[in-house]
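Following: one structure in structure tokens, then a few remarks.
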């Protein structure tokens with residue numbers, strides 16, 4: 001009997017320890033004082049209040065979507081088209097998406113950095129495979145698809161030229177390698193008057209189109225209208241002026257594509273030119289610009305931190321785990337006693353969540369985290385925006401899907417759980433790392449190293465141990 005009691009007590013205490021550790025979440029930036037969990041179907045929202053170093057408190061919001069979820073993550077904006085609003089709050093962008101698609105937005109977050117003057121995002125921006133915005137500055141991007149393939153780093157892109165006849169029937173399409181840049185062998189390029197007054201080169205075959213390029217919805221938006229109606233054109237190998245109201249198509253070498261253009265273009269033709277992602281970036285349904293790479297396929301902070309290493313602000317990041325979960329993290333800041341976090345600390349938070357690839361998105365007053373309340377059917381603001389209210393932003397990251405039905409015709413109810421935990425505080429330190437090769441597809445692996453998987457395995461182990469002890473006791 002005594003041996004059985006020992007085995008039983010060990011099994012029970014081991015099981016309890018596993019339950020506690022499964023609910024416990026430790027962070028390198030401090031001690032978890034409280035934890036709130038909200039589940040909306042299989043969308044997991046977690047809020048952690050963390051006692052940091054000194055008097056500072058950190059509040060971390062994290063929303064995670066499983067690899068095989070019926071929901072999807074998309075990008076949306078209100079910048080273009082007849083109903084364009086310009087900069088809009090994340091809530092306004094979410095509601096606009098619902099009106100356009102009939103789907104429901106279950107969670108919403110701020111997206112790319114943007115210009116306050118123009119409202120345009122300053123990074124690469126692609127929606128449903130259409131590249132709407134070319135990135136400015138030396139910034140990084142995060143691409144993702146419905147299959148949870150992801151890509152991080154510099155976007156590879158080219159231009160697509162579509163040639164239509166007088167009946168607006170597509171005749172052919174061509175890959176244009178460069179815009180207003182020197183061409184390599186067998187490349188096709190476009191030269192416009194705002195960048196060059198003359199196109200030179202004996203090895204360049206040239207077509208001058210006597211028409212000014214027609215802007216799309218804006219100079220930043222490349223889909224929707226043709227570039228030019230061809231009113232006249234000339235061919236030549238000599239230097240060619242790029243006069244006002246003209247542009248030049250040029251080919252380095254006697255390529256098949258250039259010969260096709262010469263054979264098919266007429267005065268009645270229409271040309272459409274727009275940029276598109278190439279290489280493995282072409283596989284991405286969505287591309288959003290960011291700044292600091294926090295993790296690149298497990299490599300923490302592969303580039304030196306840009307800007308002030310010690311500056312704390314509200315922050316937002318988008319990430320993916322090795323198993324394929326996509327997570328968005330928003331950290332509060334610029335409030336009394338809640339300063340926010342440094343980029344190094346943001347990287348450590350993503351590390352603590354187990355993410356394998358992560359990129360910093362816009363932060364500061366733009367940081368926004370909204371979650372659908374299924375009881376009120378409202379999008380509740382879960383974080384504390386540092387402006388005191390939601391700021392107008394250029395685009396938003398949305399988790400969307402069909403309306404949820406609990407099977408009884410009633411709206412399901414969100415479940416909320418709050419726990420108090422204590423852990424050992426570990427203060428973040430950041431070391432600059434060597435820049436490593438980027439731009440690799442992140443294919444989720446088959447292994448499951450998540451705490452949930454470990455917790456389930458521990459349950460089975462201790463349950464098995466308890467059964468063995470009970471059988472041994474009965475035999476005695």
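The values are calculated or read from the model by the stated rules, or taken from the named source; none is laboratory data. This structure is a prediction, so every number in the text was calculated from the model and none was measured. Here the Cβ is made from the backbone with ideal geometry for all residues, glycine too, and neighbour counts use every protein chain on show.
Can we say residue 142 is assigned by TED's automatic domain parsing to the domain that holds residue 372, surrounded by fewer than 18 Cβ atoms within 10 Å (Cβ to Cβ) and within 18 Å of residue 367 (Cβ to Cβ)? No; evaluated as a whole, the condition is false for this residue. Looking only at residues in segment 59-83 that are assigned to a strand (DSSP E or B) and touching a helix residue (DSSP H, G or I) at 6+ places or on another chain (Cβ under 8 Å), which one is surrounded by the fewest Cβ atoms within 10 Å (Cβ to Cβ)? Selected residue: 74. Only one of the listed residues (185, 173, 98, 166) is surrounded by fewer than 17 Cβ atoms within 10 Å (Cβ to Cβ), touching a strand residue (DSSP E or B) at 6+ places or on another chain (Cβ under 7 Å) and assigned to a loop (DSSP other than H, G, I, E, B). That residue is 185. Listed by position, the strands (runs of 3 or more DSSP E) enclosed by segment 252-359 that each have at least 1 residues that are closer than 30 Å to residue 174 by Cα are 270-277, 286-289.
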